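K.L.:
First, the structure itself, so that you have it in front of you.
Just so it is clear, none of the values below were taken in a lab; they were calculated from the coordinates. Since we're looking at a predicted model, the values are computed, not measured. Note that each Cβ is placed from the backbone with ideal geometry, even for glycine, and that neighbours are counted across all protein chains shown.
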Amino acid sequence: FDAGFGGPFSYYDGLVFEILSDALGADAAVAAGGRYDSLLRQLSGQPIRAAGCMVRPYRAWAGGAA
């Protein structure tokens with residue numbers, strides 16, 4: 001778990017994280033996500049809190065099997 005990697009997506013404006021597996025290496029995150037409150041505020045004009053996460057089940061399984 002790394003809460004300080006930054007990520008390539010500029011819409012994240014709070015905590016950003018990724019979950020890595022030693023078996024898969026640093027270039028194959030099992031999961032990643034973060035907070036993007038300002039994106040929804042820009043799109044809607046309303047103060048909406050938002051967080052999201054993407055999980056790659058195949059990578060999670062492959063990392064555990066290696």
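K.L.:
Arrange the peptides 11-17, 24-30, 51-57 so that the one whose residues have, on average, the most other Cβ atoms within 10 Å appears first.
P.N.:
Ranked from most to least packed, the peptides come out as 11-17, 24-30, 51-57.
K.L.:
Report the label-to-label distance for Trp61 and Tyr11 in nanometres (one decimal), using points 7 Å from each Cα along the Cα→Cβ vector.
P.N.:
Between Trp61 and Tyr11, the simple spin-label model gives 2.9 nm.
K.L.:
Something else about it: How far apart, in nanometres, would the label points at Met54 and Ala31 be if each is projected 7 angstrom from Cα along the Cα-to-Cβ direction?
P.N.:
Reported label-point gap for Met54 and Ala31 is 1.5 nm.
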